[in-house]
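Input: a single structure, listed below in structure tokens.
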Amino acid sequence: MNLGLSIVSLARFQFAMTTVFHFFFVPLSIGLAFVVAVMETIYVVKKDVMYKHMAQFWGRIFLLSFAVGVVTGIIQEFQFGMNWSEYSRFMGDIFGAPLAIEALVAFFMESTFIGLWMFGWDRFNAGIHCAFIWLTSIGTMISAMWILAANSFMQNPVGFMINAKTGRAQMTSFGAVIKNPQLWYELPHVLFGAFVTGSFVVAGMAAFALLKKKNVQFFRKSIKVSLIIGLLATVGVVGMGDVQTRYIIKEQPMKFAATEGLYKDSGSPAAWAIVSGMDTKNHKTDWSIEVPYVLDILSYHKLQGNVKGQNAINKELHAKYDKKFGKDMNYYVPTKTLFWSFRTMAFSGGLFALIAIVGLIFNRASSTLIERQRWFLWVLGICTFLPFVANTAGWFITELGRYPWVVYGLLTIADAVSPNVSVASLLTSNIIYFCLFSGLGVVMIVLSRRALHHGPDDLLNAPDDAPYDPYGKEAFSHE
């Protein structure tokens, strides 16, 4: 039976599945660690024990996300060796260095201080204990930096040479890899996105709890802190997204043209398409609803300027790479996916800012408006899930916009796949991974829901000197 499956398509699907699922938890862990650190800092400064209980309660969700993130990260790295051995052979000398440093330095730092934070509530004074969660939070950010250093090389190879005998990429300058402009445009955008994720997960879960009108002050304060962080982070993610976009215009113009649905050059002034009907087979746009000048403003911060279309860029890429990769290469990226992914991100950013502002107005200390606006609590609750959609859309743009390369200009996707895998083995491993990830996702949701349903009563009613165990039986009780 021919299902139309190929080794390349199944390997790509497996990479996408493992990476998307892992990337659900990476921004969540980074964001929650930061939110919990802010809450504990407020406790240390204000001596208000409510913020201590907030840090402990939301820390339970952080610990769950951290644990699941570690498991999914191991699986993701494992499938590099399974399905992408040619990539590993070509890139191992460069890709291995940042990953090794991430494991030996950043992950070791996270693991050490997260343990001290988890079990050190009654063993250290408040200031030292607060430092533990900040060091954990910083560790998660450093971890992201090293992972993105490896990814940035794939987007913009620097500091390397090709060994003529082995055909492998060899690092010639570690400093160049670390100074890669792609990294320092991408990292702040990812971190701000993580802060948005953590803050809106806390705010959304608190909104669901507030609908039941239990522990009102606890969850109102949780919403206030998280929405302030979320609003500031949204400004940061939009600002850094703008900076990163202008960098991509120069370095990966095909990716940018696809996010705007451009096949022909825009001309000047350039209009921004709100929606478009694209014929990807014939590489043309059939229709679009446009706003004049907006694309110029987004691209160049002025009211004039031409944006190059995919058809012209495709000709340039053929002229540059035909000698090495042949005339049959397809340099067109998945335009519809990138076009709608970009608009999903943009819409999400505006929605996050609007909801944060409205939520902070409704949640003023002198008002009980947020408790009476059940419709808004439902909207805020649903926004628990929106950051994951926005993060996935951003990942699609980053990775699919590099097509047909695994390492831009050096190694194609087709050349990176393991030569000894089969359709049957890939189909089997895809099914196994999908079931495993689904199971992990269900466990994460069930335990988080139990923690929210149980609420912070065990913390609020406990004596101040009572020992605290984040994994105690009362933490995830379903009663």
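Quick check: is even one residue across the stretch 413-429 open to solvent by less than 30 Å² (accessible area, probe 1.4 Å), in a strand (DSSP E or B) and farther than 30 Å from Phe352 by Cβ? The answer is no, given that none of the residues of the stretch 413-429 is open to solvent by less than 30 Å² (accessible area, probe 1.4 Å), in a strand (DSSP E or B) and farther than 30 Å from Phe352 by Cβ.
Selection of the stretch 81-123 for residues being under 27 Å from Glu40 (Cα atoms) and among the β-branched types (Val, Ile, Thr) yields Val105, Thr112, Ile114.
Residue count for the stretch 38-63 under the criterion of being buried (at least 19 other Cβ atoms within 10 Å of the Cβ) and of a type in the set (Ser, Thr, Tyr): the result is 2.
For the stretch 70-87, the set of residues classified as open to solvent by 50 Å² or more (accessible area, probe 1.4 Å) and of a type in the set (Phe, Trp, Tyr) consists of Phe78 only. Considering the stretch 351-365, and only residues there that are in contact with a Phe, Trp or Tyr (Cβ under 9 Å, 6 or more places away or on another chain) and open to solvent by 20 Å² or more (accessible area, probe 1.4 Å), the residue that is farthest from Arg220 (Cα to Cα) turns out to be Val358.
Scan the stretch 146-157 and tell me whether some residue there is loosely packed, with under 13 Cβ neighbours inside 10 Å and either within 20 Å of Ile249 (Cβ to Cβ) or free of Cβ contacts under 8 Å to residues at least 40 places away in the same chain (or both). Step through it out loud before you land on a result.
Our first condition is that a residue be loosely packed, with under 13 Cβ neighbours inside 10 Å; within the stretch 146-157, this holds for none.
No, the conditions are met nowhere in the stretch 146-157.
Kindly evaluate Val406 against the criterion of being β-branched (Val, Ile, Thr), more than 17 Å from Phe192 (Cα to Cα) and over 20 Å from the mean Cα position of the chain (by Cα). The answer is no for Val406. Is there a residue in the stretch 272-293 that is assigned to a helix (DSSP H, G or I), modelled with pLDDT of 90 or more, more than 20 Å from the chain's Cα centre (by Cα) and buried (at least 16 other Cβ atoms within 10 Å of the Cβ)? No, the stretch 272-293 contains no residue that is assigned to a helix (DSSP H, G or I), modelled with pLDDT of 90 or more, more than 20 Å from the chain's Cα centre (by Cα) and buried (at least 16 other Cβ atoms within 10 Å of the Cβ).
What do you reckon, is Thr368 modelled with pLDDT of 90 or more and either of a type in the set (Val, Ile, Thr) or surrounded by 13 or more Cβ atoms within 10 Å (Cβ to Cβ) (or both)? Against the criterion (modelled with pLDDT of 90 or more and either of a type in the set (Val, Ile, Thr) or surrounded by 13 or more Cβ atoms within 10 Å (Cβ to Cβ) (or both)), Thr368 does not qualify.
Set side by side, the residues Phe66, Phe107, Phe90 differ, and just one is touching a Lys or Arg at 6+ places or on another chain (Cβ under 7 Å), in a helix (DSSP H, G or I) and either free of Cβ contacts under 8 Å to residues at least 12 places away in the same chain or surrounded by 14 or more Cβ atoms within 10 Å (Cβ to Cβ) (or both), which is Phe90. Please go through the stretch 210-235 and pick out each residue that is open to solvent by 10 Å² or more (accessible area, probe 1.4 Å) and either assigned to a helix (DSSP H, G or I) or under 19 Å from Leu187 (Cβ atoms) (or both). Answer for the stretch 210-235, where residues must be open to solvent by 10 Å² or more (accessible area, probe 1.4 Å) and either assigned to a helix (DSSP H, G or I) or under 19 Å from Leu187 (Cβ atoms) (or both): Val216, Gln217, Arg220, Lys221, Lys224, Val225, Ile228, Ile229, Leu231, Leu232, Val235. Reported count of residues in the stretch 1-52, each being among the hydroxyl-bearing types (Ser, Thr, Tyr) and farther than 21 Å from Tyr433 by Cβ, is 3.
All of (1) over 30 Å from Ala169 (Cα atoms); (2) of a type in the set (Val, Ile, Thr); (3) under 15 Å from the mean Cα position of the chain (by Cα); (4) open to solvent by 20 Å² or more (accessible area, probe 1.4 Å) hold for Ile30 with one exception: (4).
When the stretch 334-350 is filtered for residues that are in contact with a Gly (Cβ under 9 Å, 6 or more places away or on another chain) and open to solvent by less than 20 Å² (accessible area, probe 1.4 Å), the ones remaining, listed by number, are Thr335, Leu338, Phe339, Ser341, Gly349. Among the residues of the stretch 295-325, the one identified as open to solvent by 20 Å² or more (accessible area, probe 1.4 Å), among the hydroxyl-bearing types (Ser, Thr, Tyr) and either modelled with pLDDT under 90 or in contact with an Asp or Glu (Cβ under 7 Å, 6 or more places away or on another chain) (or both) is Tyr300.
Of all residues in the stretch 399-412 being outside any loop (DSSP other than H, G, I, E, B) and of a type in the set (A, V, I, L, M, F, W, C), which is farthest from Phe160 (Cα to Cα)? Spell out the reasoning first.
So the first thing to find is which residues in the stretch 399-412 are outside any loop (DSSP other than H, G, I, E, B), and the list is 399-400, 405-407, 411-412.
Next, only the ones that are of a type in the set (A, V, I, L, M, F, W, C) stay: 400, 405-407, 411.
Working: Leu400: 24, Trp405: 17, Val406: 16, Val407: 12, Leu411: 14 Å.
If we take residues in the stretch 399-412 being outside any loop (DSSP other than H, G, I, E, B) and of a type in the set (A, V, I, L, M, F, W, C), then Leu400 is farthest from Phe160 (Cα to Cα).
A quick yes/no check of all residues on (1) touching a strand residue (DSSP E or B) at 6+ places or on another chain (Cβ under 7 Å); (2) without any contact (Cβ under 8 Å) to a residue 24 or more places away in the chain; (3) not in a helix (DSSP H, G or I):
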{"residue": "Leu295", "(1), (2), (3)": "yes, no, no"}
{"residue": "Leu303", "(1), (2), (3)": "no, no, yes"}
{"residue": "Ile313", "(1), (2), (3)": "no, no, no"}
{"residue": "Leu317", "(1), (2), (3)": "no, no, no"}
{"residue": "Asn330", "(1), (2), (3)": "no, no, yes"}
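Against the test of being in contact (Cβ under 8 Å) with a residue 12 or more places away in the chain and under 24 Å from Ile94 (Cβ atoms), the options Gly409, Gly381 yield a single qualifying residue, Gly409. Against the test of being assigned to a helix (DSSP H, G or I), exposed (fewer than 15 other Cβ atoms within 10 Å of the Cβ) and of a type in the set (A, V, I, L, M), the options Val243, Val238 yield a single qualifying residue, Val243. The set of residues in the stretch 363-393 being assigned to a helix (DSSP H, G or I) and aromatic (Phe, Trp, Tyr) consists of Trp375, Phe376, Trp378, Phe388.
The values are calculated or read from the model by the stated rules, or taken from the named source; none is laboratory data. Remember, it's a predicted structure, so these values are computed and weren't measured experimentally. With ideal geometry, Cβ positions are generated from the backbone for all residues, glycine too; neighbour counts draw on all protein chains shown. Heavy atoms of the whole protein, side chains included, go into the accessibility calculation; ligands, DNA and RNA do not. Shrake-Rupley method; radii C 1.70, N 1.55, O 1.52, S 1.80 Å.
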